[in-house]
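Written below as structure tokens is the structure these notes are about.
The values are calculated or read from the model by the stated rules, or taken from the named source; none is laboratory data. This one's a predicted model, so the numbers in the text were calculated from it and none came from an experiment. No Cβ is skipped: glycine too gets one built from the backbone with ideal geometry, and neighbour counts run over all protein chains shown. Side chains included, ligands, DNA and RNA excluded: accessible areas come from the protein's heavy atoms. Shrake-Rupley method; radii C 1.70, N 1.55, O 1.52, S 1.80 Å.
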Amino acid sequence: MQKELTAGRLLNEQGELAEAGYAKRLIRVYDRKDIKAAPHRIKEWDYYLVSDGKCALALTIDDNSYMGMGSVSVLDLTQPSEVTQSVMNAFPMGKTKMPSTSAYGDVKYTAGKVSMVFKNDGQERVLKVNWPDFKDGNTLYAEVILTEEPEESMVIATPYKEDPKAFYYNQKINCMRAKGYVRVGSFTHEFNPDSAFGTLDWGRGVWTYSNTWYWGSASGLLDGHKIGWNIGYGFGDTSAASENMVFYDGKAHKLDRVIFQIPVDENGDDDYMAPWCFTSSDGRFECDFTPVLDRKNRINAVLIESDQHQVFGNYSGTVTLDDGTVLEFQNIPGFAEKVKNRW
């Protein structure tokens, strides 16, 4: 079942999802004041990924109520290596003032001399970072402008079976043109809008304590046409709709269920750097994924635990659009991840 959302407020008077399902625009109205769950359980974040298949820049600002964070990753995908730095602050409890919509609004994170700013005037998004001592004593400077936001995107409102007041409201915007740079010491990479794209993961909600999710994303060009996709599961009860969509020339094409087939090694553990496979229940998304770099991170702080594997690489396969058109693609850059969290 794939239920499409109608317009209205996201939550009802009891603080529960008024309607579960998917949309191609952010048509349900989110307001933090409508939430009836304990305030410390509210999670809000903006995550941007900018990549051209050679270099990737990942930027996160989040307000998880009991913990806020700013995080930056720089990934060299030609000579695979990555550096990630994060800073945290205790109990922001909404003071980060994350916008209630992705359509416009600015967000800023500062900690000491670290400064991150995401500006959005409704026409373009400007991402700026100044991070002293990011690597080997060198300051990271980055500025990227995202334009040509597509007409349609992936939006999903997801409940949790365990808790009626828990929900996840999420938008993924793929295939925005990216222009700018990232510089750390002697390393400088220029993002050219002819080949570089930005993706936004805009998340607002109340999560349950323990989760394991799978997420994949790509943005690129196919014979001069912009193509991308968002695939995944594990973000709550997706019986009303999946979050799987393919984007082609700014239009979204809804998919059913997509399964991540991660290979295992001789010990039965996930072998993240071996080739992955993806298959869909409707047969419309069939592809392989060749890993280049595993951006992995493990945190275990008693009550909080996170085991992350965000694997960057290239997708090759076929996808069928809503009108039956079959597209074959090779080496579209993106990532696929598996994340376990207790938070």
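Within the range 321-330, work out how many residues are in contact (Cβ under 8 Å) with a residue 24 or more places away in the chain, assigned to a strand (DSSP E or B) and open to solvent by 10 Å² or more (accessible area, probe 1.4 Å).
1
Within the range 13-30, can you find the residues that are assigned to a loop (DSSP other than H, G, I, E, B) and open to solvent by less than 50 Å² (accessible area, probe 1.4 Å)?
Matches in the range 13-30: Gly15, Glu19, Ala20, Lys24, Leu26, Tyr30.
If you go through the range 274-285, how many residues are surrounded by fewer than 17 Cβ atoms within 10 Å (Cβ to Cβ), under 21 Å from the mean Cα position of the chain (by Cα) and not polar (S, T, N, Q)?
Qualifying residue count for the region: 1.
Restricting attention to strands (runs of 3 or more DSSP E) lying wholly within the range 112-217, give those where 2 or more residues are more than 30 Å from Arg342 (Cα to Cα) and aliphatic (A, V, I, L, M).
Answer list for the range 112-217: 138-147, 163-184.
Determine whether the range 117-136 contains at least one residue that is in contact with a helix residue (DSSP H, G or I) (Cβ under 9 Å, 6 or more places away or on another chain), open to solvent by less than 30 Å² (accessible area, probe 1.4 Å) and modelled with pLDDT of 95 or more.
There is no residue in the range 117-136 that is in contact with a helix residue (DSSP H, G or I) (Cβ under 9 Å, 6 or more places away or on another chain), open to solvent by less than 30 Å² (accessible area, probe 1.4 Å) and modelled with pLDDT of 95 or more.
All but one of (1) farther than 30 Å from Ser65 by Cα; (2) without any contact (Cβ under 8 Å) to a residue 12 or more places away in the chain hold for Thr290; which doesn't?
Failed condition: (2).
Which of (1) assigned to a strand (DSSP E or B); (2) of a type outside the set (Ser, Thr, Tyr); (3) under 20 Å from the mean Cα position of the chain (by Cα) is the odd one out, the single condition Ala103 does not satisfy?
(1)
When the residues of the range 147-173 are narrowed to those that are within 29 Å of Gly250 (Cβ to Cβ) and of a type in the set (Gly, Ala, Ser), which ends up farthest from the chain's Cα centre (by Cα)?
Among them, the one singled out is Ala157.
Applying the selection to the range 12-38, what residues are within 24 Å of the chain's Cα centre (by Cα) and either among the basic types (Lys, Arg) or modelled with pLDDT under 95 (or both)?
Lys24, Arg25, Arg28, Arg32
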